[in-house]
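What follows is a short report on a single structure.
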Amino acid sequence: MTLFGWIQILVFCAIVLALVKPLGSYITRVFKGERTFLSPVLAPVERGLYALAGTHEREEQHWSAYAVALLLFNLAGLLLLYGLQRFQGLLPLNPDGMGAVAPDLAFNTAVSFVTNTNWQGYGGESTMSYLTQMLGLTVQNFVSGATGIAIAIALIRGFARASAQSVGSFWVDLTRATLYLLLPLCILLTLAYVALGVPQTLDPSVTATTLEGAQQTIARGPVASQLAIKMLGTNGGGFFNANSAHPFENPDAISNLIQMVSIFAIGAALTNVFGRMVGNERQGWAILSAMGVLFIAGVAICYWAEAAGNPLVQGLGLQGGNLEGKEMRFGIPLSALFAVVTTAASCGAVNAMHGSFTALGGMIPLINMELGEVIVGGVGAGFYGIVLFVVLAIFVAGLMVGRTPEYLGKKIEAREVKMAMLAILCLPAGMLVFTAIAVVLPGAVASAGNSGPHGFSEILYAYTSAAANNGSAFASLSANTLWYNTTLGITMLVGRFLVIIPALAIAGSLAAKKSVPASAGTFPTDGPLFVGLLVGVILIVGGLTFFPALAVGPIVEHLAMLAGQSF
Amino acid sequence: MSPSKSASLIDARILLPALADAFRKLDPRSLARNPVMFVVAVVSALTTILFVKDLATGGANLGFSFQIVLWLWFTVLFANFAEAVAEGRGKAQADSLRKTRSETEAKLLSGDDRSQFRLVPGTSLKVGDVVLVEAGDIIPSDGEVIEGVASVNEAAITGESAPVIRESGGDRSAVTGGTQVLSDWIRVRITAAAGSTFIDRMIALVEGAERQKTPNEIALNILLAGMTLIFVLATVTIPSFATYAGGYIPVVVLVALFVTLIPTTIGALLSAIGIAGMDRLVRFNVLAMSGRAVEAAGDVDTLLLDKTGTITLGNRQATEFRPVRGVGEQELADAAQIASLADETPEGRSIVVLAKEKYAIRARDMGSLHATFVPFTAQSRMSGVDLEGSQIRKGAVDAVLKYVEGASAKSTPETVREVQAIAAEIAKAGGTPLAVARDGRLLGVVHLKDIVKGGIRERFTELRRMGIRTVMITGDNPMTAAAIAAEAGVDDFLAQATPENKLALIREEQAKGKLVAMCGDGTNDAPALAQADVGVAMNTGTVAAREAGNMVDLDSDPTKLIEIVEIGKQLLMTRGALTTFSIANDVAKYFAIIPAMFLAFYPQLGALNIMGLQTPQSAILSAIIFNALIIVALIPLALKGVKYRAVGAGALLSRNLLVYGLGGLVVPFIGIKAIDMAITAIGLI
């Protein structure tokens, strides 16, 4: 590890922190329906959309109606995206003449983009038409992100309101998240990326003659616009197969920094929105601090493991850290940082190949996802994910102050605990059960690019990434098979919607509760004690479940490496 | 039943039957009430079957498997034992109560004028029957006195041998079946049928027969069930991981991992904690009608306390004689003393005492003074004496002023104003002014003072640190109330309280999301008692009050509300502490079992054996032995409860997190290592 490496990491952290308050303030105003500096332009558009859709700004929904609206909307998106892929050959904006996508891959991809996972079982530039990319994938990038934000806002309202029947309107929240937040920021980011050299064109691929005289097809397309939302909406689905390691998708250190910051920006700011809406910003900072502790710990371990490198390789005379699968323009610190950021948030974009990380370095992204991506997390998803852990932490420890546990004046009772447990249960179910089946299926094992513990990690990583709706991969797994396309698709649906519904149920049940005023007997949730408790509960409840799997995957691989054995 | 009779934790009379009960509770119907232990029992049964099969077919490592199976069953039995011990303590109390429920005969009154009675068995009485109970009779069932007054020995339920007065009308009309009339007679209208009397309910409550899971317990059970499911997933997926690696893991090892990971510690002790909580209240002579009420007590935000008896000593005392100008203190004291000689109220007696102590006026014989006592009535609001040709009156200031106005005008307007000024001054200081007049001439004012109980101020400070607001309820005027409130250090007061504004106050607090506790005894308290989240009825109170509250204080001591709150908090804290401990324990268990489990095919994982456990088998066995023994070790804590300290929530939490969270992380590392050394030394492995 070098000082310069750490400075780069700290600069990133500083920028994210600096954005928390202004962005938090802006998002709060947007969802409270207050005027913002964009209102003169956007408010008429917003009103027009409501008029067109026949919905009313002030018509709020019970949590169950909110959930139904959300599910229907996502189902429609799923069907549309599936249809687009299957019929893209017949549709316009297909200059490279891409044919219909196979049914299992189309299902997998549709689920993947609707669930904000963006697991890519295909190579973008060689499978999808421009129309599919723009109307299908990019649209889903926006609305799946907006869906996550909407749920987070509904949950925040649950805490902020008392004795209320409704948690807001899904349609209004979805519209505002897209119109006021994602779109304007994406326009800004797209322009920045174009300025940094990212392509943005509807022209077909170009063919170049290389120095050796060979013909090379160079793919391009509307990259910058998709890149902007891919990061901001924590989607992660790259235009190119190589994702943000591709020089057209991530040309230099500046674009790399912008991309990392935009992954975290909204997720981090949502903690501030939470603080503002419940009337105590410190509550938001406390949650962000718990995320921060876990984040810095992850970065430190990952960076250390990568910088230390592989003693076996060093034994062959190659000095220095592990540079396998990394882009020289980013180096070890920025690759490690990117890997931790993209898996802490549910982004899944990569600028290096996680499968090529050292065993411990690669274990950190795995753990980040296993914890449910609550370290800042996917837009909205990270917030409602960590709230589930907050509910558990408060319930267990809150009893120790001798009162029925309360959080922000809301009593945490059987219903909240039940819903939080249901949601938390989904993750190990999706991650472990399918891994356990896959590792004993010869066909599924054959897809792994390596044998032994590393091959195990590849499969575990795939299901973990799917259940956590991350989308990144331990690259050498060939996942475009009927088995993986189907089971990963199911895992993504479980990891997304079986968490969302309990989260909304909690929102509804909290909103309906009375608010108990805080007193000296109330467990303070805005201090270091709470932060420590939350971190402990996340690690023990969320992490310990995966100890056996990690032991036979990365941990044994690491120990074997130290003993001179590789896989 | 008295608090002093608290059974010690190690009492052979409780432990021995509890051992037998531990086996009796293996009944699946009884186990099914506790999801975590039910799962352990099911897993133990399956493992036993596998073991028997192995025994028949001659499998490997039989000795090891046998020990694991044994300890699995011990885990279940220890949990049953914990519950049985907790119940046993209640049963001992129930038995002593049952003795009082012996068969009684009742004198059932009949006829229009209820002049005749016939003897019927007490159990045949119906609600609404009227019975006669005379000196020496046992009251056959719960009821309300409709006629007469008697002294009653209620030692059967309160453990207090001093008799209490029960009379018709007013707030002392409730009688309890099983108690004995010592003198006089009363007619009682039966309010509870056989089998549903107060004592029957008490027996059911302390035995835990009627025990319903409380809201927090239900929520905690859900959490524990959820954790169990998570660990099911974590364990059932391991065999296929092993297969991938080309290894094999025996079922018994997987079972050991699973059972040690699921929260058995809290699962085993959860019901014992609940029963012990109720039991602590009973020991305290408070009966909670439901566990829910005990839990609510821990959550209380606002305490409504009656001024009289709780905050101040029951009676006001004369502290000062304030004569008007032209009258000597001695003269006022003399008149007041004569007027109070026959006044048996505590206030009256305190005037006599003060006159004697301060002015050396000795008691005089009413007879030799030819005095006739004029008693206090609600209309006159005065009392006094008529001497030969002379009248002395004392009473409420406005009543006395009206009286002197009516008499020949011997009081000048200045005197009237002076008396009013003194009275206002006394009221402002929290006292009660009592005007004294002789033959229509105002003499002055007696200062009656409420004496705030010693130490009560500190109690309120303590409550404030717990985050509980205290509100004093009094019939006094606002000025007096404010002065006493300030002296006692309560947070707020409700002056000139009526049943209506008491109820309104409770509703107002509840609308703010607060939980309210109060105690009361009279029929007019019933609506407020019913509305309050925790309503403690005094045992001396009326039937209506007792029905409306969700707790009954057998000692009729309103100060106990504070202890009740502490017991409620203790119950919740104990649950939280043991849950935290149980979950934190898992870290060490993973480090014991995971390396042992995979060692055969991934020897590198031996590096995770940070405890340096001897062999894989000893590691697994030590973990499961620790897991079982920790249940027994924590039974005393479950029964006694985690100590509640009146410090802020933050300080309390950091302390408990340190002890039970960090302790829960560290203790099993030490415990498992110690057991590993022990079992290796004695050659179990």
Problem - Answer from A:ALA18, A:ALA67 - the residue that is small (Gly, Ala, Ser) and surrounded by 15 or more Cβ atoms within 10 Å (Cβ to Cβ) - result: A:ALA67
Exercise for the section: Please work out which one of (1) β-branched (Val, Ile, Thr); (2) at the interface with chain A (Cβ under 10 Å from one of its Cβ atoms); (3) within 30 Å of A:PHE567 (Cα to Cα); (4) not in a helix (DSSP H, G or I) is the condition B:VAL647 fails and give its number. Expected result: (3)
Problem - Any chance A:PHE567 is of a type in the set (Phe, Trp, Tyr), assigned to a helix (DSSP H, G or I), surrounded by fewer than 20 Cβ atoms within 10 Å (Cβ to Cβ) and more than 10 Å from chain B (Cβ to nearest Cβ) - result: no
Fill in the blank from the handout: Over the stretch B:483-510, the set of residues of a type in the set (A, V, I, L, M, F, W, C), in a helix (DSSP H, G or I) and either under 17 Å from B:LEU313 (Cα atoms) or within 14 Å of another protein chain (Cβ to nearest Cβ) (or both) is B:ALA483, B:ILE484, B:ALA485, B:ALA486, B:ALA488
Problem - Residue list for the stretch B:511-542, restricted to those being of a type outside the set (Asp, Glu) and within 14 Å of another protein chain (Cβ to nearest Cβ) - result: B:ALA511, B:LYS512, B:GLY513, B:LYS514, B:LEU515, B:VAL516, B:ALA517, B:VAL534
Completion exercise
The condition of being in contact (Cβ under 8 Å) with a residue 24 or more places away in the chain and surrounded by fewer than 17 Cβ atoms within 10 Å (Cβ to Cβ) holds, among B:ARG316, B:ARG364, B:ARG322, B:ARG283, only for B:ARG364
Practice task
Could you tell me whether the stretch A:32-54 includes any residue that is within 23 Å of A:LEU510 (Cβ to Cβ) and under 27 Å from the mean Cα position of the chain (by Cα)?
Solution key: yes
Exercise for the section: Kindly indicate the residue of the stretch A:510-521 that is more than 7 Å from every other protein chain (Cβ to nearest Cβ) and not in a helix (DSSP H, G or I) and also farthest from A:ILE156 (Cα to Cα) among those meeting that condition. Expected result: A:ALA518
Exercise for the section: Kindly indicate whether A:ASP173 is under 28 Å from A:TYR463 (Cβ atoms), at pLDDT 90 or above and of a type in the set (Asp, Glu). Expected result: no
Practice task
Might you check whether a residue that is on the phi < 0 side of the Ramachandran plot, assigned to a helix (DSSP H, G or I), within 14 Å of another protein chain (Cβ to nearest Cβ) and touching a residue at least 60 places away in the same chain (Cβ under 8 Å) occurs anywhere in the stretch B:608-617?
Solution key: no
Handout entry: Any pair with Cβ under 7 angstrom, 6 or more apart, that starts in the stretch A:188-217 at a residue that is modelled with pLDDT of 85 or more and aromatic (Phe, Trp, Tyr) and ends at one that is part of a helix (DSSP H, G or I) and surrounded by 11 or more Cβ atoms within 10 Å (Cβ to Cβ)
Key = A:TYR193/A:ALA224; A:TYR193/A:LEU227; A:TYR193/A:ALA228; A:TYR193/A:SER255
Handout entry: Answer residue from the stretch A:554-564, given it is touching a residue at least 60 places away in the same chain (Cβ under 8 Å) and either surrounded by fewer than 17 Cβ atoms within 10 Å (Cβ to Cβ) or under 28 Å from the mean Cα position of the chain (by Cα) (or both) and is nearest to the other protein chains (Cβ to nearest Cβ) among those
Key = A:VAL556
Exercise for the section: Determine if the stretch A:544-553 includes at least one residue that is more than 7 Å from every other protein chain (Cβ to nearest Cβ), within 30 Å of A:SER166 (Cβ to Cβ) and surrounded by 24 or more Cβ atoms within 10 Å (Cβ to Cβ). Expected result: no
Practice task
Considering only residues that are at pLDDT below 75 and among the acidic types (Asp, Glu), look in the stretch B:158-173 and name the one that is nearest to B:ARG189 (Cα to Cα).
Solution key: B:ASP171
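Given the criterion at pLDDT below 90 and surrounded by 20 or more Cβ atoms within 10 Å (Cβ to Cβ), identify the matching residue among A:ALA448, A:ALA462, A:ALA438.
Just one listed residue meets the conditions, A:ALA448.
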Handout entry: helices (runs of 4 or more DSSP H) wholly inside the stretch A:396-460 containing at least 1 residues that are more than 10 Å from chain B (Cβ to nearest Cβ) and free of Cβ contacts under 8 Å to residues at least 60 places away in the same chain
Key = A:442-446
Exercise for the section: With respect to A:ILE386, determine if the residue is within 11 Å of chain B (Cβ to nearest Cβ), aliphatic (A, V, I, L, M), part of a helix (DSSP H, G or I) and buried (at least 24 other Cβ atoms within 10 Å of the Cβ). Expected result: no
Exercise for the section: Given the conditions (1) more than 48 Å from the chain's Cα centre (by Cα); (2) surrounded by fewer than 16 Cβ atoms within 10 Å (Cβ to Cβ), report the number of the one that B:GLN379 does not fulfil. Expected result: (1)
Practice task
Within the stretch B:458-482, count every residue that is part of a loop (DSSP other than H, G, I, E, B), in contact with a Leu (Cβ under 8 Å, 6 or more places away or on another chain) and within 14 Å of chain A (Cβ to nearest Cβ).
Solution key: 1
Completion exercise
Among strands (runs of 3 or more DSSP E) entirely within the stretch B:301-389, at least 1 residues that are within 30 Å of B:ALA530 (Cβ to Cβ) and not β-branched (Val, Ile, Thr) occur in B:302-306, B:312-323
Exercise for the section: Could you check B:LEU369 against (1) surrounded by fewer than 20 Cβ atoms within 10 Å (Cβ to Cβ); (2) under 15 Å from B:ASP343 (Cβ atoms); (3) modelled with pLDDT of 80 or more and say which number it fails? Expected result: (3)
Fill in the blank from the handout: Taking the stretch B:231-252 and keeping residues part of a helix (DSSP H, G or I) and away from chain A (no Cβ under 12 Å) leaves B:VAL251, B:VAL252
Handout entry: Filter result (part of a helix (DSSP H, G or I) and among the small types (Gly, Ala, Ser)) within the stretch A:60-105
Key = A:SER64, A:ALA65, A:ALA67, A:ALA69, A:ALA76, A:GLY77, A:GLY83, A:GLY89
Fill in the blank from the handout: A:PRO524 vs (1) within 24 Å of A:GLY275 (Cα to Cα); (2) in a loop (DSSP other than H, G, I, E, B); (3) touching a residue at least 12 places away in the same chain (Cβ under 8 Å): all pass except (3)
Practice task
Mind listing whichever residues of the stretch B:660-685 are within 14 Å of another protein chain (Cβ to nearest Cβ) and over 13 Å from A:VAL401 (Cα atoms)?
Solution key: B:GLY661, B:LEU662, B:GLY663, B:GLY664, B:LEU665, B:VAL666, B:PRO668
Practice task
Test A:PHE240 against the criterion of being in contact with an Asp or Glu (Cβ under 8 Å, 6 or more places away or on another chain), aromatic (Phe, Trp, Tyr) and either part of a helix (DSSP H, G or I) or over 30 Å from A:THR525 (Cβ atoms) (or both), and give yes or no.
Solution key: yes
Exercise for the section: Among the residues of the stretch B:619-644, write down those that are surrounded by fewer than 19 Cβ atoms within 10 Å (Cβ to Cβ) and away from chain A (no Cβ under 14 Å). Expected result: B:LEU629, B:VAL632, B:ALA633, B:PRO636, B:LYS640
Handout entry: Verdict on A:PHE530 being farther than 26 Å from B:ALA242 by Cβ and facing chain B (nearest Cβ under 9 Å)
Key = yes
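The values are calculated or read from the model by the stated rules, or taken from the named source; none is laboratory data. Values in this document were obtained by computation on a predicted structure and should not be read as measured data. Positions of Cβ are generated from backbone atoms using ideal geometry, with glycine treated the same way; all protein chains shown enter the neighbour counts.
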